[in-house]
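Reviewing the structure listed below.
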Amino acid sequence: MIKNGIDCIDGYDSLFHGKRLGLITSITGLTAGFETTIQVLHRKYGLSAMFSPEHGVRGDIAPGALVDTYTDEETGIPVYSLYRKDSKRLTPEMLDAVDMIVYDIQDVGSRYYTYLYTMLYALEDCAKAGKEFVILDRINPLGDRVEGNVLREGYESFVGGYPLAMRYGLTIGEFARMADDCLKLHARLTVIPVEGWRRDMLYPDTGRCWIAPSMGLPSFATAFLYPGLCLFEGTNLSEGRGTTGPFETIGAPFIDAQKLTAAMQKKGLAGVAFTPAYFIPTTSKWNGEACQGVRIHVTDARQASPVEVGLTLLYEIMERYGEKAYFLPAVRDGGRQFIELLCGSDVLTKQKKTLTVLLEEFAEESREFAKRKREYQIYQ
């Protein structure tokens, strides 16, 4: 049986006993028996505070919606927001309420995911304050494979706050070890490891139920495609939000579904298939408008390369539809376009490289990152 960190805490009782605990968690903070990490830690040791990432500690807040400080109805524990308009950091007042902060959120293995940087910011803040930081580690659902480019300096944001590859092949605990060492944080970091997981395992290999970490990632297939298909959030194309297949469905009103599907099928991309998609998004881009596009089906996750799939589809649409398909402008004057923040560079907006050259360069960056990450790996 594969156990996540929360399933193994009985062996670490002395680490938690007698301390004021703060918990950063979300709807994925569950044991193998589907008990929440909130319940387990509060029952065994007592929680002094909780800290909410995007979507809230119980997953009931919409994507991108700011979180207010509130009291958790079930436990009566104060919940402080780490997704505020003015900051996503722990304040000195928050840290004064605890001796240790525990982090337990299922990561998805993609650089863009905001929970990564909630963890990183908390690690940095705890290091500065001299507070203990404990990660209840969880498996990486995308396994060990590395794909995509590495984020460049100057392109940091909350969808890319550290020089990781798009698909980086580390657990959240391993990433914390890397960040602590490379940033020289000297944090009081403890990682409670996973048991029974091997690096070559993808999520379906574990036998565990998929718990959607957020509304946009309802299935493993969605999470698997996310490292490549998330790039469409930086375009005027629908990335499938407001449909039953976010990040599996790509389209817009001006696309011809049949022609685009035929073009993508001819490319012979390993491990995926394309079918025509006809949809009306209920939220986000093109809300309420009839769209056409493609639906991407993962036929073999071990053969497929989501970054290659996403970039190939992006290039095909941009070339096929010219000015109708475009990258969204920067939100504020002088700021970077969202596609640049997602891609971690201006390679798509200013460098205008061919797809072949781009994929070759990304593959080289992936190989180099894969070498660097090995010293921080906990699991074989």
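The values are calculated or read from the model by the stated rules, or taken from the named source; none is laboratory data. Everything quoted here is computed from the prediction, not taken from an experiment. Glycine also receives a Cβ, built like all others from the backbone with ideal geometry; neighbour counts cover every protein chain displayed. Protein only, heavy atoms only, side chains kept; ligands, DNA and RNA dropped before computing areas. Shrake-Rupley method; radii C 1.70, N 1.55, O 1.52, S 1.80 Å.
Total residues in region 50-72 satisfying the condition of being under 23 Å from LYS19 (Cα atoms) and surrounded by fewer than 20 Cβ atoms within 10 Å (Cβ to Cβ): the figure is 4.
Just one of THR91, THR25 is open to solvent by less than 30 Å² (accessible area, probe 1.4 Å) and under 18 Å from CYS126 (Cβ atoms); which is it? Talk me through it step by step, then tell me what you get.
Values: THR91 fails: open to solvent by less than 30 Å² (accessible area, probe 1.4 Å).
Sole residue among the options that is open to solvent by less than 30 Å² (accessible area, probe 1.4 Å) and under 18 Å from CYS126 (Cβ atoms): THR25.
Candidates are the residues of region 274-303 that are of a type in the set (Gly, Ala, Ser) and in contact with a helix residue (DSSP H, G or I) (Cβ under 7 Å, 6 or more places away or on another chain); the one that is surrounded by the most Cβ atoms within 10 Å (Cβ to Cβ) is GLY293. Here is the figure for region 241-254: residues that are in a loop (DSSP other than H, G, I, E, B) and in contact with a Leu (Cβ under 8 Å, 6 or more places away or on another chain) total 3.
Of all residues in region 40-49, those satisfying the criterion of being open to solvent by less than 50 Å² (accessible area, probe 1.4 Å) and farther than 17 Å from ILE105 by Cα are TYR45, GLY46, SER48. Taken as a whole, the structure leaves THR235 outside the set of residues that are open to solvent by 10 Å² or more (accessible area, probe 1.4 Å) and at pLDDT 95 or above. Within region 354-380, the only residue that satisfies the criterion of being surrounded by fewer than 15 Cβ atoms within 10 Å (Cβ to Cβ), assigned to a loop (DSSP other than H, G, I, E, B) and at pLDDT 95 or above is THR354. Return the pairs, sorted by first residue and then second, in which the second residue is assigned to a loop (DSSP other than H, G, I, E, B), the first residue lies in region 89-110 and is basic (Lys, Arg), the beta carbons are less than 8 Å apart, and the residues are 6+ apart or on different chains. These pairs meet every condition: ARG89/LEU82.
Strands (runs of 3 or more DSSP E) wholly in region 112-215 with at least 3 residues that are at pLDDT 95 or above and open to solvent by 30 Å² or more (accessible area, probe 1.4 Å) - which ones?
Values: elements: 132-136, 147-150, 165-167, 188-192.
Qualifying strands (runs of 3 or more DSSP E): 188-192.
In region 35-52, what residues are touching a residue at least 40 places away in the same chain (Cβ under 8 Å) and more than 25 Å from the chain's Cα centre (by Cα)? Even if it seems obvious, please write down each step before you answer.
Of the residues in region 35-52, the ones touching a residue at least 40 places away in the same chain (Cβ under 8 Å) are 37, 41, 48-49, 51.
Of everything in region 35-52, just one residue is touching a residue at least 40 places away in the same chain (Cβ under 8 Å) and more than 25 Å from the chain's Cα centre (by Cα), namely SER48.
If you go through region 304-344 one residue at a time, how many are on the phi < 0 side of the Ramachandran plot, open to solvent by less than 30 Å² (accessible area, probe 1.4 Å) and touching a Gly at 6+ places or on another chain (Cβ under 9 Å)? Summing the residues that are on the phi < 0 side of the Ramachandran plot, open to solvent by less than 30 Å² (accessible area, probe 1.4 Å) and touching a Gly at 6+ places or on another chain (Cβ under 9 Å) in region 304-344 gives 15.
If you check ASP68 against the conditions, is it charged (D, E, K, R), without any contact (Cβ under 8 Å) to a residue 40 or more places away in the chain and in contact with a Ser or Thr (Cβ under 9 Å, 6 or more places away or on another chain)? When the stated conditions are applied, ASP68 passes them.
For ARG111, state whether it is touching a strand residue (DSSP E or B) at 6+ places or on another chain (Cβ under 6 Å) and not hydrophobic (A, V, I, L, M, F, W, C). Yes; evaluated as a whole, the condition is true for this residue.
For beta carbons closer than 6 Å, sequence separation of 6+ or different chains, a first residue in region 294-314 that is without any contact (Cβ under 8 Å) to a residue 12 or more places away in the chain and a second that is open to solvent by 10 Å² or more (accessible area, probe 1.4 Å) and in a loop (DSSP other than H, G, I, E, B), there are no qualifying pairs.
Checked against (1) touching a strand residue (DSSP E or B) at 6+ places or on another chain (Cβ under 6 Å); (2) within 28 Å of ASP107 (Cβ to Cβ), LEU229 meets all criteria but (1).
Report the residue count in region 294-328 for those that are at pLDDT 95 or above and more than 19 Å from LEU355 (Cβ to Cβ). Reasoning before the result, please.
Step one: of region 294-328, the residues at pLDDT 95 or above are 294-321, 324-328.
From what's left, more than 19 Å from LEU355 (Cβ to Cβ): 295, 297-303, 324, 328.
Matching residues across region 294-328 total 10.
One residue alone among PHE220, PHE254, PHE232 is under 21 Å from GLY160 (Cα atoms), touching a residue at least 24 places away in the same chain (Cβ under 8 Å) and aromatic (Phe, Trp, Tyr), and that residue is PHE232.
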